[in-house]
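All of the numbers you see were taken from the coordinates with simple rules; none came from a lab. Note that the structure is a prediction, hence the values are computed from the model and not measured. Note: ideal-geometry Cβ built from the backbone for every residue, glycine included; neighbour counts use all protein chains shown.
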Amino acid sequence: MRARDLGVRTGDRVCLINPPVSFAENLGPFPDGAELVRPDAGEFEIAVCFVKTLDLMAERFESMRVRVAPRGSIWLGWPLSAAETDITFNKVQAIGLTAGMVDNKATRLDPAWNGLRFVVRPQNRPTWPNRAVVYSQYSNDRGSRS
């Protein structure tokens with residue numbers, strides 16, 4: 001996966017969480033002013049998070065959701081091999097939708113990892129991040145507490 005395929009733009013702050021060894025090397029050059037930042041560096045425009053369990057994915061997603069810029073995106077990655085994980089596409093999608101974001105691109109992030117990108121819904125961007133309870137038609141519990 002190349003930086004442009006992730007949606008990296010000029011000046012973006014990009015955070016990688018638990019990437020495969022060769023992932024960052026294969027991103028290629030970033031646009032002018034774009035940079036890799038530590039996961040604890042505050043707000044960012046793009047996060048790419050790799051996890052193997054659904055519980056960890058939900059936990060990491062919530063910590064990223066409150067720090068992603070209104071026009072930013074969060075990529076969630078999970079192993080292609082079902083034997084290595086309890087994660088499925090539908091479960092990943094539910095995590096993002098329940099949190100008030102929307103998925104808009106699915107792809108392979110790496111030869112061994114699936115990926116799904118979430119963005120803030122345009123109508124929610126003026127008040128993002130909304131830390132109140134979020135209602136989603138996709139949530140069984142009528143929202144998530146943040």
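Scanning the stretch 21-35 for residues that are in contact with a strand residue (DSSP E or B) (Cβ under 8 Å, 6 or more places away or on another chain), crowded, with 16+ Cβ neighbours inside 10 Å and not aromatic (Phe, Trp, Tyr) gives a single hit, Ala34. Out of Val102, Val68, Val8, one residue alone is without any contact (Cβ under 8 Å) to a residue 40 or more places away in the chain, under 20 Å from Pro126 (Cα atoms), β-branched (Val, Ile, Thr) and touching a strand residue (DSSP E or B) at 6+ places or on another chain (Cβ under 9 Å). It is Val102.
With the structure loaded, tell me whether Glu45 is touching an Asp or Glu at 6+ places or on another chain (Cβ under 7 Å) and within 20 Å of Val102 (Cα to Cα) or whether it fails that test. Before you say what the answer is, go through the steps one by one.
Details: touching an Asp or Glu at 6+ places or on another chain (Cβ under 7 Å): yes; within 20 Å of Val102 (Cα to Cα): yes.
In short, yes.
Among the residues of the stretch 36-51, those that are out of contact with any strand residue (DSSP E or B) (no Cβ under 6 Å at 6 or more places or on another chain) and either among the basic types (Lys, Arg) or touching a residue at least 12 places away in the same chain (Cβ under 8 Å) (or both) comprise Arg38, Ala41, Gly42, Val51. Note on the stretch 98-121: residues that are over 13 Å from Gly7 (Cβ atoms) and either surrounded by fewer than 17 Cβ atoms within 10 Å (Cβ to Cβ) or of a type in the set (Lys, Arg) (or both) amount to 6.
Let me confirm something: among Ile95, Ile74, which residue is under 26 Å from Asn26 (Cα atoms), surrounded by 22 or more Cβ atoms within 10 Å (Cβ to Cβ) and not small (Gly, Ala, Ser)?
Ile74
Is it the case, given these coordinates, that Ser63 is hydroxyl-bearing (Ser, Thr, Tyr), out of contact with any Lys or Arg (no Cβ under 8 Å at 6 or more places or on another chain) and without any contact (Cβ under 8 Å) to a residue 24 or more places away in the chain? Here the answer is yes, as Ser63 does meet what is asked.
Give me a count of the residues in the stretch 36-71 that are assigned to a loop (DSSP other than H, G, I, E, B), of a type in the set (D, E, K, R) and surrounded by 14 or more Cβ atoms within 10 Å (Cβ to Cβ). Write out each step before concluding.
Going residue by residue through the stretch 36-71, those that are assigned to a loop (DSSP other than H, G, I, E, B) are 38-43, 51-53, 66-67.
Add one more test, that the residue is of a type in the set (D, E, K, R), and what stays is 38, 40, 43, 52, 67.
Of the ones still in play, those that are also surrounded by 14 or more Cβ atoms within 10 Å (Cβ to Cβ) are 43, 52, 67.
Number satisfying all stated conditions: 3.
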